[in-house]
Amino acid sequence: MYFKNSRAEAVEELNQFIENNLLEYSKLRNFDFGPQKRDNTSCLSPYVTHGLINEVEIINKSLKKFSFVKNEKFIQEVLWRVYWKGWLELRPNVWADFLEELKSIKENFKNNKDYLNAIEGKTNIECFNEWVSELKRFNYLHNHTRMWFASIWIFTLNLPWQLGAEFFMKHLFDGDTASNTLGWRWVAGIQTQGKNYLATEWNIKKFTNNRFQNIKINEEATPKISEKSYSITQKSFTNPQLLENKILLIFDNNLSFEFIDFKCHNFKKILVVSSMNKERQIKLSNNTVNFKALLINDQLKRLKEKSIVAEVINISDLKNIKEPVYALYPTVGENLDYIQLNQLNNIEFIYREIDQFSWQFCNKGFFNFKSHIPKIVTRFN
Ligand SMILES: Cc1cc2nc3c(=O)[nH]c(=O)nc-3n(C[C@H](O)[C@H](O)[C@H](O)COP(=O)(O)OP(=O)(O)OC[C@H]3O[C@@H](n4cnc5c(N)ncnc54)[C@H](O)[C@@H]3O)c2cc1C
């Protein structure tokens, strides 16, 4: 399985999935049949993370094929990302604390044998080793496998979840601040406090079609405990009333700018912002860096085809722009950190409508968010 690197190809993957595999999605989605057979889930996450295709178009296309009732599970999954993002927007310190904790943990573990064996795929657990090499080679893991992987990392190998989250971010093509950080916290038992996710031998065997044998893992660990609690930060996600003729910045979470809400508004110029590893706290693998560069090039090419004035700019050059500019909101994560750390106060954010509307439902758990899904779908269909 290899990922494509243009919007046109991503849309084609989406269409193929809806046409051929969506019908059986809810029945088959939990199976990981291995990297050679990935058609039981959509494998769209690397594209959605980068905004190459977006949640609204996925949901609307799926609803053209099947009713909401037949599609409900898939739509819920697509909206998990929006939920996690909104949840983190309301509690941005969860991300800041994760980065802070990671710094000291990394220092303490830099020569730790168990950690080094884990990231080299040299543990005593065959399936885990296989997943490490799959992650490095294909830059993707199935959702169920991410859960097993994280559970084994935390509860059998006894490694800090923060190091695992960093390892995923480094290699995943869909690496996403919210889904990844909160996914790891959830497995550890600190997201839904007191409730951890424990991988079991029978579950792994069943949902991998018995591809692995002899899985000796800790199935009885108790949840991790965090002393930190996070209250909700009041934030406003309001867009400017009238968009003036200014420069627009787009980051690598919105690389299909011309297809979202405000379409090709008359902006003076579009700057597509790229970040190098030296500007990132979490250093990405070469594969991931190259993947992002290809997606950014594709965005630039599409803008130029529409005769929109556009160029790529490195994030460190934003400091040289003194005039007021707009930016499609990069969401909590490294790009936003950079803007805030460097006090780039000339940037005014523009939010996606789906986020503006949905994030109000992210103050509680996903169960509560789920009850608002029909409302969200109706509004954007
Ligand atoms: C520990 C852990 C770390 C994770 N890290 C990331 C990450 O960095 N980036 C990321 O995009 N997803 C992450 N996920 C969520 C999920 O594993 C992937 O989104 C999913 O595997 C992508 O495969 P797919 O496109 O075939 O999903 P499908 O099953 O086809 O789902 C359709 C779409 O729904 C969204 N989606 C599905 N499940 C989830 C979920 N649990 N959370 C958020 N969105 C979801 C994705 O956009 C996906 O493309 C993580 C999950 C765990 C348990």
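For every residue, the table says whether it meets (1) at pLDDT below 95; (2) in contact with a His (Cβ under 7 Å, 6 or more places away or on another chain); (3) open to solvent by 30 Å² or more (accessible area, probe 1.4 Å).
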site	(1), (2), (3)
309	yes, no, yes
319	no, no, yes
329	no, no, no
333	no, no, no
336	no, no, no
343	no, no, yes
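Of the residues in the stretch 127-143, at least one is at pLDDT 95 or above, in contact with a His (Cβ under 8 Å, 6 or more places away or on another chain) and open to solvent by 30 Å² or more (accessible area, probe 1.4 Å).
Is it the case that residue 123 is touching a Ser or Thr at 6+ places or on another chain (Cβ under 9 Å) and within 25 Å of residue 291 (Cα to Cα)?
For residue 123, the condition - touching a Ser or Thr at 6+ places or on another chain (Cβ under 9 Å) and within 25 Å of residue 291 (Cα to Cα) - is not met.
Applying a threshold of 6 Å to beta carbon distances and a minimum spacing of six or more residues, or different chains, the list of pairs starting in the stretch 173-190 at a residue that is on the phi < 0 side of the Ramachandran plot and ending at one that is near the ligand (Cβ under 6 Å from one of its atoms) and open to solvent by less than 10 Å² (accessible area, probe 1.4 Å) reads 180/168; 184/150; 187/150. Of everything in the stretch 95-115 that is within 16 Å of the ligand (Cβ to nearest atom) and aliphatic (A, V, I, L, M), the residue that is nearest to the chain's Cα centre (by Cα) is 99. Selection over the stretch 361-376 of residues that are surrounded by 13 or more Cβ atoms within 10 Å (Cβ to Cβ) and either of a type outside the set (A, V, I, L, M, F, W, C) or over 16 Å from residue 186 (Cβ atoms) (or both) gives a count of 6. Close Cβ contacts (under 9 Å, 6 or more residues apart or on different chains) running from residues in the stretch 21-45 that are more than 19 Å from residue 175 (Cβ to Cβ) and without any contact (Cβ under 8 Å) to a residue 12 or more places away in the chain to residues that are near the ligand (Cβ under 9 Å from one of its atoms) and of a type outside the set (Asp, Glu) comprise 27/40.
Restricted to the stretch 174-201, and to residues that are within 13 Å of the ligand (Cβ to nearest atom) and acidic (Asp, Glu), which residue is farthest from residue 368 (Cα to Cα)? Per the stated criteria, the residue is 174.
Reported count of residues in the stretch 14-37, each being open to solvent by 60 Å² or more (accessible area, probe 1.4 Å) and in a helix (DSSP H, G or I), is 7.
Just for the stretch 55-70: of the residues that are more than 8 Å from the ligand (Cβ to nearest atom) and open to solvent by less than 20 Å² (accessible area, probe 1.4 Å), which one is nearest to residue 13 (Cα to Cα)?
Narrowing the stretch 55-70 to residues more than 8 Å from the ligand (Cβ to nearest atom): 56-57, 59-70.
Then keep just the ones that are open to solvent by less than 20 Å² (accessible area, probe 1.4 Å); that gives 59, 62.
Working: 59: 14, 62: 13 Å.
That would be 62.
In the stretch 95-110, the residues that are of a type in the set (Asp, Glu) form Cβ pairs under 8 Å with partners that are at pLDDT 95 or above and assigned to a helix (DSSP H, G or I), at six or more places apart or across chains, as follows: 101/162. Assessment of the stretch 71-94 against the conditions (surrounded by 19 or more Cβ atoms within 10 Å (Cβ to Cβ), within 16 Å of the ligand (Cβ to nearest atom), closer than 30 Å to residue 366 by Cβ and over 19 Å from the mean Cα position of the chain (by Cα)) yields at least one matching residue. Entry remark, the stretch 130-164: residues being more than 9 Å from the ligand (Cβ to nearest atom) and of a type in the set (Lys, Arg) number 2 in total. The C-beta contact set for the stretch 246-261 (first residue touching a residue at least 40 places away in the same chain (Cβ under 8 Å), second residue among the aromatic types (Phe, Trp, Tyr) and open to solvent by 10 Å² or more (accessible area, probe 1.4 Å), distance under 7 angstrom, 6+ apart or interchain) comprises 246/267; 247/267; 248/267.
Just one of (1) within 16 Å of the ligand (Cβ to nearest atom); (2) open to solvent by 40 Å² or more (accessible area, probe 1.4 Å); (3) not small (Gly, Ala, Ser) fails for residue 222. It is (1).
The values are calculated or read from the model by the stated rules, or taken from the named source; none is laboratory data. Keep in mind that what you see is a predicted model, and the values were worked out from it rather than measured. Every residue, glycine among them, receives a Cβ derived from its backbone with ideal geometry; neighbour counts consider all protein chains shown. Protein only, heavy atoms only, side chains kept; ligands, DNA and RNA dropped before computing areas. Shrake-Rupley method; radii C 1.70, N 1.55, O 1.52, S 1.80 Å.
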